[in-house]
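This report refers to the structure that appears directly beneath it.
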Amino acid sequence: MTSRTLRANPKLDLWVRFETKGRVTVFTGKAELGQGLTTAIAMIAAEELDVALERVDVRTADTADGPNEWITAGSGSMEQSATALRQAAAEARRRLLELASRKLGVPIPDLEVADGTVRGGEAALTYWQLMEGRRFEGDVGERAEPKAAEQHRVVGRPAPRREMEELVTTGGRFVHDLERPGMVHGRIVRPPTYDAELQGVDDAGVREMSGVLEVVRDGRFLGVVALREEQAVAAGEALRAAARWTTRPLPCGEDDLVERLTANPRQSLPVIDGAARETDAPPLLPADPATTTLSARYFRPYHMHASIGPSAALAEQSGDTITVWCHSQGVALLKPSLAQVLDVEPDTIRVVHVPGAGCYGHNGADDAALDAVLLARAVPGRPVLLQWSRQDEHTWEPYGSAMLVDLRASLDAEGTIVDWSHDVYSDTHSGRPMPMGETSGLLAAWHRDPPMSRHPRRPSTGFHSGIHRNADPLYTFRRRRIVKHLVDDLPLRVSSQRGLGAFANVFAIESFMDELARAAGADPVEFRLRHLRDDRARDVIEAAVAKAGSTPDGAGRGLGFARYENCKAWAAVVADVAVGDDGVIRLLRFSIAADAGEVIDPDGLVNQLEGGALQSASWALKEQVRFDRNGIQSRDWESYPILTFPEIPEVGTVLLDRPGAPFLGAGEATQGPTPAAIANAVFAACGARLRHIPFTPERVRASRPA
Amino acid sequence: MAGFELTVNGESRRVDVDPATPLLTVLRNDLGLRAAKLGCGLEQCGACTVLVAGESALSCRLPISQVGRREVTTLEGLAEAGGLHALQRAFIEERAAQCGYCVPGILVSAAALLAWNPDPDDEAIRRQLADQLCRCGAHPRILAAVRRAARELRG
């Protein structure tokens with residue numbers, strides 16, 4: 001059946017072109033975020049078309065060309081884009097062979113293709129000779145049959161990463177590195193707190209500063225444009241000093257967050273078979289007294305995406321058209337969102353994805369795009385490169401939502417879980433800009449005059465979406481009750497962060513499984529396997545345990561497992577840790593196993609799994625957005641520390657390749673299992689049960705039995 | 001504005017800028033050397049690391065007026081006459097990057113280490129890179145790449 005991606009983008013020409021002699025251009029509507037997308041896409045194209053990998057050029061998300069694939073998120077690039085491109089490339093090859101057969105007078109089965117040259121008997125024609133500069137007409141359709149797994153020569157094998165040589169010689173090409181003739185530089189000045197009101201700003205002095213071209217003020221949106229970057233920085237600082245604000249306190253500080261999550265008004269929906277239902281949530285009934293019943297509460301604070309590079313965008317207004325180069329994950333959604341804010345026709349705007357620093361979800365990329373456009377409109381004809389400051393990034397990005405998970409489960413006399421209850425409390429996980437009514441998801445749109453209001457918050461009901469992502473465990477229980485609570489009036493701006501609700505839900509579930517196993521007197525691995533009916537899940541857990549081998553002396557070992565969204569990649573993480581007398585957790589080794597269906601680029605997949613585990617470990621051990629009623633206090637890397645090189649464990653990964661099986665998204669698969677693996681390992685090492693992230697030494701010491 | 005004579009990647013370069021302009025800004029915007037990145041502008045993340053007189057230095061707040069004629073080496077200057085530096089080859093070989101934004105600074109910092117300690121143990125490599133932040137979790141690959149380069153350099 002034709003995929004949603006191909007139904008929306010049926011034309012073959014959107015996916016494959018032979019425009020330049022000796023080169024193949026393939027398109028994806030997804031963005032290269034550092035996940036290695038272009039490498040995997042090129043491998044698939046080379047495989048299906050029988051051309052050398054080096055001949056393949058990959059063009060990524062651009063609203064002016066190629067397929068519209070909405071957004072690069074939810075671990076969907078391989079499942080959606082790569083699957084569609086494989087079909088498109090197979091169709092291109094089928095047509096080229098048909099053409100060659102006619103021209104050479106040789107039946108298709110007697111043709112051979114090597115690196116873009118089709119041979120039939122003594123004669124040969126290249127793809128480029130066959131195409132004669134023409135482009136494909138018509139649809140991808142379903143006539144072509146992609147190659148069978150046993151014919152594969154490129155995919156599933158190690159390949160060079162595409163952008164590496166450029167990266168290590170010239171530093172790559174990020175948004176921040178773009179240059180255009182006449183380019184000037186922009187900086188913005190945000191309010192000191194979310195709801196601060198601008199009382200006034202005397203910008204006369206700023207306008208006189210060296211190199212300053214324009215001071216932009218629109219409501220409480222403030223920015224400067226200057227000829228040189230350091231001039232923009234200096235003018236931005238001067239403008240900040242010149243602005244007078246009235247601040248309003250946040251509704252609460254971090255100390256009250258746990259209470260707010262359960263006490264604030266909320267909308268509660270039951271989750272059944274992975275999806276939320278618009279009906280009343282079932283009450284939590286008393287447990288059967290004949291069972292052994294455990295309850296526990298788990299917490300994650302707000303976390304930052306905390307990209308190493310500041311959010312940035314290059315914008316240029318030329319006549320009535322605007323072009324924006326930015327690192328948004330969703331250029332196709334950003335284009336109409338910008339048009340809505342600016343009140344212009346969407347087709348007057350082109351948005352091109354250019355890599356930024358890794359984003360791991362919805363960070364400041366989209367906001368920076370609007371900021372850059374607002375500055376560029378003040379200096380028509382001049383491209384403006386806008387970069388946020390580190391403080392802009394740390395204090396204004398939309399964070400990953402804080403979450404609270406209450407679990408209760410009952411064991412029968414055999415140690416089998418017979419009753420399971422999961423209540424998860426959180427703000428939304430979807431704050432992305434969408435062209436939606438009169439509201440906007442873009443920061444500057446809320447600050448301009450007149451301000452637009454924010455997107456309304458609604459509990460999502462989709463399969464494993466938002467708050468309830470991975471709230472419904474893969475395990476088999478006799479009874480389960482799962483309720484999601486979308487909580488109102490929480491203090492900080494939030495949106496999608498890698499894994500969404502799965503990070504806290506899996507942390508809670510997999511920690512609780514460890515607690516239950518111990519209550520049942522069972523081995524935590526065996527206990528999980530006993531509650532799983534899914535063979536690929538069992539294989540993954542067993543592979544991770546085998547990979548881990550014997551536990552190092554003095555270490556504690558813990559396991560965490562999940563199938564992402566219960567329909568994407570399976571992943572298990574085994575953590576070995578040592579805990580010092582001071583309560584410091586030392587990560588010794590992570591052993592990871594994953595089944596992501598057919599593997600295209602093994603190295604890229606391993607990178608994603610390991611990177612996800614280490615990032616998640618950083619969230620779990622060290623990270624929380626600090627804030628009090630005066631505002632956000634995590635303003636730089638000292639007030640928001642992340643995991644560093646001396647703290648990195650050894651990491652080993654085993655892939656369970658399934659040639660011929662569908663690709664399954666894996667970019668977020670280790671996010672949830674990792675904190676549970678660490679917490680369970682800490683318990684094994686010293687008896688401290690950690691249910692509150694981050695796992696600081698103080699918490700370890702306080703949780704440790706005397 | 002004032003004129004400054006710099007030695008960058010073995011060449012004499014002259015720029016006319018405000019004396020307070022950070023070296024990073026001059027490298028990127030005046031000399032077209034964009035490998036060193038602006039990460040924080042606060043000397044906290046290491047993305048802007050370059051070599052000044054052979055030692056690894058953060059360039060995001062270093063005023064151009066304080067650089068003098070000390071030799072500045074950026075990632076672009078790391079490659080040798082015979083081709084890529086062993087570290088560059090090792091990073092390609094190990095695919096030691098995800099988004100890659102931190103990699104130029106890390107490469108330069110690692111080059112400074114290998115220049116004075118050709119046989120660093122794992123702890124020495126980690127210590128050298130302790131202030132270089134990576135958010136993608138590419139650390140294991142990066143450590144492996146530095147080890148590989150060190151082995152190769154020792155022959």
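Since every read-out is calculated from the coordinates, none of them should be taken as a lab result. All figures in this text were calculated on a predicted structure; none of them were measured in a lab. No Cβ is skipped: glycine too gets one built from the backbone with ideal geometry, and neighbour counts run over all protein chains shown.
The table below gives the values:
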{"quantity": "Packing-based exposure ordering (other Cβ within 10 Å, fewest first) of A:Ser426, A:Ser101", "calculated": "A:Ser101, A:Ser426"}
{"quantity": "Extension gain from A:Glu98 to A:Lys21, taking 0.36 nm per residue of separation minus the Cα-Cα distance", "calculated": "25.7 nm"}
{"quantity": "Globularity index of chain A, i.e. its alpha-carbon radius of gyration over 2.2 N^0.38 Å", "calculated": "1.01"}
{"quantity": "Interchain or long-range residues, amide H under 5 Å from B:Ala36's placed H", "calculated": "B:Leu75"}
{"quantity": "Residues whose placed amide H lies under 5 Å from that of A:Ile482, excluding near-sequence neighbours", "calculated": "A:Val271, A:His422"}
{"quantity": "From phi via Karplus (6.51, -1.76, 1.60), per-residue ³J(HN,Hα) for region A:337-347 in Hz, x at Gly/Pro", "calculated": "5, 5, 4, 5, 5, 7, 6, 10, 5, x, 6"}
{"quantity": "Reciprocal mean inverse distance between Cα atoms of region A:4-167 - Kirkwood radius, Å", "calculated": "16.1"}
{"quantity": "Entries of A:Lys30/A:Lys622; A:Lys335/A:Lys484; A:Lys30/A:Lys103; A:Lys11/B:Lys37; A:Lys30/A:Lys147; A:Lys547/B:Lys37 with Cα pairs more than 29 Å apart", "calculated": "A:Lys30/A:Lys622; A:Lys335/A:Lys484; A:Lys30/A:Lys103; A:Lys11/B:Lys37; A:Lys547/B:Lys37"}
{"quantity": "A:Ile349 long-range amide H proximity, modeled H, under 5 Å", "calculated": "A:Ile322"}
{"quantity": "Under Karplus coefficients 6.51, -1.76 and 1.60, residue-wise ³J(HN,Hα) of region A:472-488 in Hz, glycine/proline x", "calculated": "8, x, 6, 5, 9, 10, 5, 10, 9, 9, 10, 10, 9, 10, 8, 9, 8"}
{"quantity": "For region B:2-77, alpha-carbon Rg relative to the globular expectation (2.2 N^0.38 Å, N residues)", "calculated": "0.95"}
{"quantity": "Table column - 3J(HN,Hα) (Hz), region A:390-402, Karplus curve with 6.51, -1.76, 1.60, x for Gly and Pro", "calculated": "4, 5, 3, 5, 5, 9, 10, 5, x, 7, x, 5, 5"}
{"quantity": "Fewest-first sequence of A:Tyr425, A:Tyr640 by Cβ atoms within 10 Å of each Cβ", "calculated": "A:Tyr640, A:Tyr425"}
{"quantity": "Charge-dipole axis of region A:1-89 as Lys and Arg at +1 and Asp and Glu at -1 on Cβ define it, positive-most pick from A:Gly36, A:Gly22, A:Leu85", "calculated": "A:Leu85"}
{"quantity": "Residue order, fewest to most beta carbons within 10 Å, for A:Arg691, A:Arg277, A:Arg629", "calculated": "A:Arg277, A:Arg629, A:Arg691"}
{"quantity": "Whole-number D in µm²/s for region B:65-155 (Stokes-Einstein; Kirkwood sum over Cα pairs; 20 °C, 1.002 mPa s)", "calculated": "158"}
{"quantity": "Dipole of region B:86-154, positive end: most advanced residue of B:Gly100, B:Gln128, B:Asn117 [Cβ charges, Cα centre]", "calculated": "B:Gly100"}
{"quantity": "Chain A - share of DSSP beta bridges that are antiparallel (%, nearest 5)", "calculated": "75"}
{"quantity": "Helix-only [θ]222 nm of the protein assembly as shown, DSSP H runs n ≥ 4, -39500 (n - 2.57) each, per residue, nearest 500", "calculated": "-8500 deg cm²/dmol"}
{"quantity": "Debye, to nearest 20: dipole size of chain A, +1 on Lys, Arg Cβ, -1 on Asp, Glu Cβ", "calculated": "620"}
{"quantity": "Total charge dipole magnitude, region A:574-706, about the Cα centre, Cβ charges on Lys, Arg, Asp, Glu only, Debye to nearest 20", "calculated": "720"}
{"quantity": "Within chain A, longest stretch clear of exposed GluC sites (Glu not before Pro) (DSSP loop, no more than 15 other Cβ within 10 Å)", "calculated": "A:439-637"}
{"quantity": "Nearest-20 debye value, region B:2-77 charge dipole, Cβ charges on Lys, Arg, Asp, Glu", "calculated": "100"}
{"quantity": "Scattering curve values for region A:33-120, log₁₀ I(q)/I(0), Debye with Cα scatterers, q = 0.10, 0.13, 0.22 Å⁻¹", "calculated": "-0.32, -0.50, -1.06"}
